[in-house]
Amino acid sequence: MVNFEWYRSFIEVYRVGTASGAAQILHLTQPAVSQHIAALESALGTGLFERTPRKMLPTEAAKRLYNQIAASVETLESIPTRNSNLETQQIIRLGSPQEFFTERILNQLPQDDKILYTVKFGLTQELIAQLQEGQLDLVVATQKITKSDIEYQLLFEESFWLVAPLTVKVPISVEDLTPLEAWLRTQPLIAYSEELPIIRRFWRVVFGRRIDINPKLIIPDLRGIREAIAYGFGFSVLPDYLCQEWVDNQRLTLVLKPAKSVKNYIWLAFRKSERQAQKIQTFLELLC
C-alpha cells in the first residue's frame, strides 16, 4: 500500500529537482526523502527519476503521475488536521530587487494570517539560480534568463528618466539633444555602479553615443540615488516608478523624459512544474 508521505516527497522532488531541496521544504532528512522515492518506485514498479550529479530528472512515468496526483495532494494538504483548529499556513519565499519590492510589491501583499512571507533581495541571476534549486518559490526578475524549467510572466514595464536636483536650471533646450548632452558632461553624475549599467544604455539610445563621464558618487541602491539627487549631489537616470511622485512633488527636476523611451521589463519567474500551485496563482492574479 502506498504511503501518502511518499506522494508528498515525490511531488516536492518533482518540483525542485533534488532530494535535498525537497527535504528542506518538507522538514525531513535527505535520506528519508530518498527512501520515500525508492519505496514509491518499488510500489509502482517503475522508475520515476533519472539521477544525475545535480538534478533528479522526471521520467515520462513521473510526469504522468504528477499530473494525476498533484491537485489531489494539494487539496489534502490544505485540510486542517483533526487535532487542530488552525488551518495550515502557507509559506511563500520571494526573491526580488530591494527597491522594486519596497516601492511596488510590499503594499500589494495580502495580509492574510494563513500566509507567511520570506523575502530575499539580490541580483536576478543569483535569485533565478536559487529558484531552480528550490530555495525560492517566486522571483521578481529584471531580465529573462532562459532556463528550460523556468517560466516568466510580464509584471511591469518601466521607463527611464533623466533627473536632477530641484535647484538645477537647465540652460539648454531639451529639444536639442547635442548641446544638452554636452552640458550634462559638465555636471556631477551619480551612478549605481562603476559600470554605469543603466546610464550607458540610456546614453546610447537617447544621445546616440557612449558616455564618457566619471561618476561623482556611486550608490548601489536606486532609492539612495534618488535621495542624493534631492540633496543636490548631481544628476542621474532613474526608473519612472521611483521618480514620478518626487518630480510631481517638486523634490526632483525632470530634465529629460525622452521621446524615444528607454524601457526595461520586470518579470515574475517561477518553476514551470508549479504553474498551477495556489501560491503561484495567487501572485499571478495579484500582480500580473
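Tell me, yes or no, whether the range 241-251 has at least one residue that is under 30 Å from Tyr152 (Cα atoms) and β-branched (Val, Ile, Thr). Before the answer, list the steps.
Residues of the range 241-251 under 30 Å from Tyr152 (Cα atoms): 241-245.
Subsequent filtering for residues that are β-branched (Val, Ile, Thr) retains none.
No, every residue in the range 241-251 fails to be under 30 Å from Tyr152 (Cα atoms) and β-branched (Val, Ile, Thr).
Let's see how each residue does on (1) of a type in the set (Lys, Arg); (2) surrounded by fewer than 16 Cβ atoms within 10 Å (Cβ to Cβ):
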position: Arg226; (1), (2): yes, no
position: Val237; (1), (2): no, no
position: Cys243; (1), (2): no, no
position: Val262; (1), (2): no, no
position: Tyr265; (1), (2): no, yes
position: Glu274; (1), (2): no, no
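One line per residue, one yes/no per condition, for (1) of a type outside the set (A, V, I, L, M, F, W, C); (2) under 26 Å from Leu136 (Cβ atoms); (3) at pLDDT 90 or above:
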{"site": "Gly21", "(1), (2), (3)": "yes, yes, no"}
{"site": "Gln24", "(1), (2), (3)": "yes, yes, no"}
{"site": "Ser42", "(1), (2), (3)": "yes, no, yes"}
{"site": "Leu48", "(1), (2), (3)": "no, yes, yes"}
{"site": "Arg54", "(1), (2), (3)": "yes, yes, no"}
{"site": "Leu57", "(1), (2), (3)": "no, yes, yes"}
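Selection of the range 248-288 for residues being more than 19 Å from Glu74 (Cα to Cα), assigned to a loop (DSSP other than H, G, I, E, B) and among the charged types (D, E, K, R) yields Arg251, Lys257, Lys260.
Tally time: how many residues in the range 179-198 are part of a helix (DSSP H, G or I) and without any contact (Cβ under 8 Å) to a residue 24 or more places away in the chain?
Within the range 179-198, the subset part of a helix (DSSP H, G or I) is 179-184, 197-198.
Next, from what is left, pick out any that are without any contact (Cβ under 8 Å) to a residue 24 or more places away in the chain: 179, 182-183, 197.
Residues flagged as part of a helix (DSSP H, G or I) and without any contact (Cβ under 8 Å) to a residue 24 or more places away in the chain within the range 179-198 amount to 4.
I'd like the full set of residues that are part of a helix (DSSP H, G or I) and either touching a helix residue (DSSP H, G or I) at 6+ places or on another chain (Cβ under 7 Å) or in contact (Cβ under 8 Å) with a residue 40 or more places away in the chain (or both), limited to the range 199-235. So that I can check it myself, show each step before the final result.
First pass over the range 199-235, keeping only residues part of a helix (DSSP H, G or I): 199-207, 222-230.
Once the filter is applied, which keeps residues that are part of a helix (DSSP H, G or I) and either touching a helix residue (DSSP H, G or I) at 6+ places or on another chain (Cβ under 7 Å) or in contact (Cβ under 8 Å) with a residue 40 or more places away in the chain (or both), the range 199-235 yields Arg201, Phe202, Val205, Val206, Phe207, Leu222, Arg223, Arg226, Ile229, Ala230.
Taken together, the residues in the range 121-150 that are part of a loop (DSSP other than H, G, I, E, B) and over 14 Å from Gly17 (Cα atoms) amount to 7.
Within the range 105-116, the set of residues being out of contact with any Asp or Glu (no Cβ under 9 Å at 6 or more places or on another chain) and either at pLDDT 90 or above or assigned to a loop (DSSP other than H, G, I, E, B) (or both) comprises Ile105, Leu106, Leu109, Pro110, Gln111, Asp112.
I'm checking my understanding of the structure. Among residues of the range 1-20 that are part of a helix (DSSP H, G or I) and of a type in the set (Ser, Thr, Tyr), which one is nearest to Thr75 (Cα to Cα)?
Tyr7
Evaluate the range 35-56: report whether one residue or more is assigned to a helix (DSSP H, G or I), closer than 29 Å to Ile128 by Cβ, small (Gly, Ala, Ser) and not assigned by TED's automatic domain parsing to the domain that holds Gln130. So far as the range 35-56 goes, no, none of its residues is assigned to a helix (DSSP H, G or I), closer than 29 Å to Ile128 by Cβ, small (Gly, Ala, Ser) and not assigned by TED's automatic domain parsing to the domain that holds Gln130. State which residue is nearest to Ser193 (Cα to Cα) when the search covers only the range 210-268 and only residues that are modelled with pLDDT of 95 or more and among the hydroxyl-bearing types (Ser, Thr, Tyr). Checked the range 210-268; the qualifying residue nearest to Ser193 (Cα to Cα) is Ser236. The number of residues in the range 124-167 that are farther than 25 Å from Arg204 by Cα and hydroxyl-bearing (Ser, Thr, Tyr) comes to 4.
Restricting attention to the range 1-15, report how many residues are among the β-branched types (Val, Ile, Thr) and modelled with pLDDT of 90 or more.
Initial filter on the range 1-15 (among the β-branched types (Val, Ile, Thr)): 2, 11, 13.
From what is left, the residues that are modelled with pLDDT of 90 or more are 11, 13.
Total satisfying the criteria: 2.
Since Trp161 meets every condition but one in (1) assigned to a strand (DSSP E or B); (2) over 26 Å from the mean Cα position of the chain (by Cα), which condition does it not meet? Single failed check for Trp161: (2).
For the range 21-31, a residue qualifies if it is part of a helix (DSSP H, G or I), without any contact (Cβ under 8 Å) to a residue 12 or more places away in the chain and surrounded by fewer than 18 Cβ atoms within 10 Å (Cβ to Cβ), and the qualifying residues are Gln30, Pro31.
The values are calculated or read from the model by the stated rules, or taken from the named source; none is laboratory data. If you're wondering where the values come from, they're calculated on a predicted model, not measured in any experiment. Neighbour counts are summed over all protein chains in view; Cβ atoms, including those assigned to glycine, are modelled from backbone coordinates with ideal geometry.
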